[in-house]
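Worksheet: the structure to be examined is printed underneath.
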Amino acid sequence: MTRPEQELKGLGTGIFKRTALSVHRGFLAGMYTSWTLLKVMIPTMVFVQLLKVTGLLGSIASMGAPLMDLFGLPGEGSLVLITGGLVNIYAAIAVAVNIPLTAKGMTIIAIMVLIAHNLIVETAVQSQSGTPAWITLPVRIMAAVFAGLLFAWIIPDGGEVIIQAGNQAGIQSWSRILLVNVISLGKIMVIILSLMVVTDLSREFGLMDRITDSLSLPMKFLGMDRRTSVVTAVGLLLGLAYGAGLIIDETRRNNIEKGDILATNIFLGTNHALIEDTLIFVAVGAGLGWILLGRLLIGYIILRVSLPIVLHFWKPGRLAGG
């Protein structure tokens, strides 16, 4: 065997080994993430069924109905929004698959929850990255309300209720309720495992860097500073914690201005983990296109409207560290 052939064989072996190790890492990360979300979703699903049996869910629906009507949602939708806002999207989905929702309703709930979820934790994270809670929290809540009203108006009506875990929890329906919830969890686990593997492979072979670099141009169109455009792109793809962590790091090294951090945090508040979170809701019946384009549209509108208003009342100073 010639030397070039040996080098080519060694290169092929190296790529195979890197691919195998990357798939292994991604799978383990996916299993860990799946286990983490199962610990949230399963108790939440059980809790919702208990609310049904005791009649408390009906009471919540009655109280929430007037407000939920504005968004074209059943009264039980209020429990989904509250759960998502206080906990996370996984808990919200655990509730959503156990109430009667059409595809339109699931899509509206998905957009609202994806904009305003895990507010306690994520608001604290964004505060650490340079934007106060009194800014990010009301902006995200108002953005979710605006999105709900807008998409309740523009998404076409019609469609039957998505067959999830039924409307009533009776003795004869328990097996069906269990089956539907297990199927929903299974779909979500498959998506998470697949995404974790693909993400690790993308990082291993440099594809993630290319993707984020390619997104820097549209981020500049939104008015992002060149130093925060890549940070925003990372947050869009991987999540708010990643984006906020990079903001903190970039601030220490590059002295990013607070105004640029503010713009980044406002946009990332409405648009983060755009792929993973979207696909998880799609798995339970929400519309892919409406969620993706809807969040980006809302993010752009909220950024353009809220940024000058906030800067009028808040003088952030020149440097994030100052």
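Can you give me the accessible area per residue for region 1-144, using a 1.4 Å probe, in Å²? Kindly include the intermediate steps, with their values, before the conclusion.
Numbers: 6830 Å² over 144 residues.
Spelled out: the 1.4 Å probe surface of region 1-144, per residue, equals 47 Å².
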Quick one: which residues, 5+ away or cross-chain, put their amide H under 5 Å from the amide H of Thr102? H built at 1.01 Å from N.
Ile162
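For region 257-322, what is the Kirkwood hydrodynamic radius in Å, using each pair of distinct C-alpha atoms?
13.3 Å is the Kirkwood radius here.
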For q = 0.20 Å⁻¹, what log10 I(q)/I(0) does region 17-93 give under the Debye formula with an equal point scatterer on each alpha carbon and no solvent?
-0.87
Nitroxide proxy distance, nm - points 7 Å out along Cα→Cβ at Leu207 and Val190
2.0 nm
What list of ³J(HN,Hα) couplings, whole Hz, do you get for region 180-192 from phi and the Karplus terms 6.51, -1.76, 1.60, once you set θ to phi - 60° and write x for glycine and proline?
5, 5, 5, 4, 4, 5, x, 4, 5, 5, 4, 5, 5
What pairs from Lys104/Lys258; Lys52/Lys187; Lys52/Lys104 go past 31 Å between their alpha carbons?
Lys104/Lys258
With T = 25 °C, eta = 0.890 mPa s and Kirkwood Rh from C-alpha pairs, the Stokes-Einstein D of region 64-203 in µm²/s is about 148 µm²/s
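How would you order 138-145, 42-49 from highest to lowest mean count of nearby Cβ atoms within 10 Å? All intermediate terms of the calculation are to be shown ahead of the outcome.
On the way: 138-145: 20.0, 42-49: 18.4.
The most tightly packed comes first, giving 138-145, 42-49.
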Pop a pseudo-label 7 angstrom from the Cα along the beta-carbon direction at both Thr19 and Lys39 and give the gap in nm to one decimal.
3.5 nm
Quick one: if you stick a label point 7 Å off each Cα along the C-beta vector at Gln128 and Ile301, how many nm between them?
3.3 nm
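Does region 92-164 come out rounded, prolate or oblate by the C-alpha gyration tensor, with a ≥ b ≥ c the root eigenvalues, rounded set by a/c under 1.5 and, if not, prolate when a/b is larger than b/c and oblate if not? If you can, show how the numbers build up before the last one.
Working: a/c = 4.75, a/b = 1.97, b/c = 2.40.
Here region 92-164 falls in the oblate category.
The values are calculated or read from the model by the stated rules, or taken from the named source; none is laboratory data. Predicted model, so just to flag it, every value in this text is computed and none were measured. We place every Cβ from the backbone using ideal geometry, glycine too, and count neighbours over all the protein chains shown. When the accessible area is computed, the model is the full protein with side chains, heavy atoms only, and any ligands, DNA or RNA have been set aside. Shrake-Rupley method; radii C 1.70, N 1.55, O 1.52, S 1.80 Å.
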